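The values are calculated or read from the model by the stated rules, or taken from the named source; none is laboratory data. It should be emphasised that the depicted structure is a prediction, and the values quoted were computed from it without experimental measurement. Quick reminder, even Gly has a Cβ in these numbers, built from the backbone with ideal geometry, and neighbours come from all protein chains shown.
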Amino acid sequence: KLLCTIIAFFEPYPKQNVNYTEAMKQFFVGLIDGDGSIQVNHWRETILQFRIIIKLKYTEGNHLMLKQLSKVLNIGQIYIQKKYVFLQIDHKTEIEVVLGILTDYPLLTTNAYTRYLFLRFCFLNRISLKEYKFMKHFLEPVFRKLTPLELTNLSYFDNWFVGFTTAEGCFCIRLNGSHSFSISQASDYYIMEAIKTKFTLPNQVRLIAVKNKKPIYLIETYNRNSLARVIDFFSRNDIISLGGEKLLQFHKFISAFYKN
């Protein structure tokens, strides 16, 4: 019984009468946007391989979360390598399932959406290795032309954001009581602006330069009213919960926040 309680704690779960499977699909899309990798490559110069991988820091919580995700959506294999836990989807029928999910609930980050379109084209059109080698050199970013309001008004945005925060968010507890919530993303300024709009954050989106990498956009708030709105959002009864290690971090954050 104790083991079941521990496992349930780390799993994303709906907190009211919602469609758990659909909520998990939307959560899954947010995870891909945050910590996913969509790959088209070749095996020994003979055939094309298609992979969708979610890579998270290995903790028991993240491991249990990915196992639950795999079970509910009936996709992928879980494995642990060094300090990371992976959900890997590479079977043809499972790729078809994921393409269906991403058609219903499109990816929102530029990098993931661009790579999804490329994988989808290659997979559905059964392109040859020669065609793939030619096309991959002309892969250009495909930008989502959504305003912050259009983004936050998407029917699946809330569960997507829970998944995205599970991957990219940080609930930071400080001894001096100056707690904060932050989230970041490479290249996609409009997503950070949408989050700023969603929670009426007084803070500006910051650009952080990273040597030899794409710049990162970061939004961070210490404002108690803003943090209360963030807590209220993730405590709502009509959306899925955070999952894995981030759910544990969130509960610790709530306790620290209301002590001050």
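Consider Q16 against the criteria (1) more than 24 Å from Y79 (Cβ to Cβ); (2) at pLDDT 85 or above: it satisfies all of them except one. Which criterion is unmet?
Answer for Q16: the failing condition is (2).
(1) within 17 Å of L242 (Cβ to Cβ); (2) touching a strand residue (DSSP E or B) at 6+ places or on another chain (Cβ under 7 Å); (3) at pLDDT 95 or above: which one isn't true of H179, the others all being true?
The one condition H179 does not meet is (3).
Before we move on, is I80 more than 26 Å from Y156 (Cα to Cα), outside the structural domain of Y217 (by TED's automatic domain parsing) and at pLDDT 95 or above? Spell out the reasoning first.
Numbers: more than 26 Å from Y156 (Cα to Cα): yes; outside the structural domain of Y217 (by TED's automatic domain parsing): yes; at pLDDT 95 or above: yes.
Spelling it out, I80 is indeed more than 26 Å from Y156 (Cα to Cα), outside the structural domain of Y217 (by TED's automatic domain parsing) and at pLDDT 95 or above.
Among the candidates A167, A228, A194, single out the residue that is touching a Pro at 6+ places or on another chain (Cβ under 7 Å) and of a type in the set (A, V, I, L, M, F, W, C). Before the answer, list the steps.
Values: A167 fails: touching a Pro at 6+ places or on another chain (Cβ under 7 Å); A228 fails: touching a Pro at 6+ places or on another chain (Cβ under 7 Å).
Criteria check complete, one pass: A194.
Is it the case that the stretch 89-100 has a residue that's among the acidic types (D, E), buried (at least 19 other Cβ atoms within 10 Å of the Cβ) and touching a strand residue (DSSP E or B) at 6+ places or on another chain (Cβ under 6 Å)?
No, the stretch 89-100 contains no residue that is among the acidic types (D, E), buried (at least 19 other Cβ atoms within 10 Å of the Cβ) and touching a strand residue (DSSP E or B) at 6+ places or on another chain (Cβ under 6 Å).
Per-residue answers, yes or no, for (1) touching a residue at least 40 places away in the same chain (Cβ under 8 Å); (2) loosely packed, with under 13 Cβ neighbours inside 10 Å; (3) charged (D, E, K, R); (4) closer than 24 Å to L56 by Cβ:
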{"residue": "S180", "(1), (2), (3), (4)": "yes, no, no, yes"}
{"residue": "S187", "(1), (2), (3), (4)": "yes, no, no, yes"}
{"residue": "I191", "(1), (2), (3), (4)": "yes, no, no, yes"}
{"residue": "K196", "(1), (2), (3), (4)": "yes, no, yes, no"}
{"residue": "F199", "(1), (2), (3), (4)": "no, no, no, no"}
{"residue": "R206", "(1), (2), (3), (4)": "no, no, yes, no"}
{"residue": "N212", "(1), (2), (3), (4)": "no, yes, no, yes"}
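Among the numbered criteria (1) over 18 Å from the mean Cα position of the chain (by Cα); (2) buried (at least 18 other Cβ atoms within 10 Å of the Cβ); (3) hydrophobic (A, V, I, L, M, F, W, C), which one does F171 miss?
Unmet condition: (1).
State the number of residues belonging to the stretch 52-62 that are surrounded by 17 or more Cβ atoms within 10 Å (Cβ to Cβ), in a helix (DSSP H, G or I) and not polar (S, T, N, Q).
1
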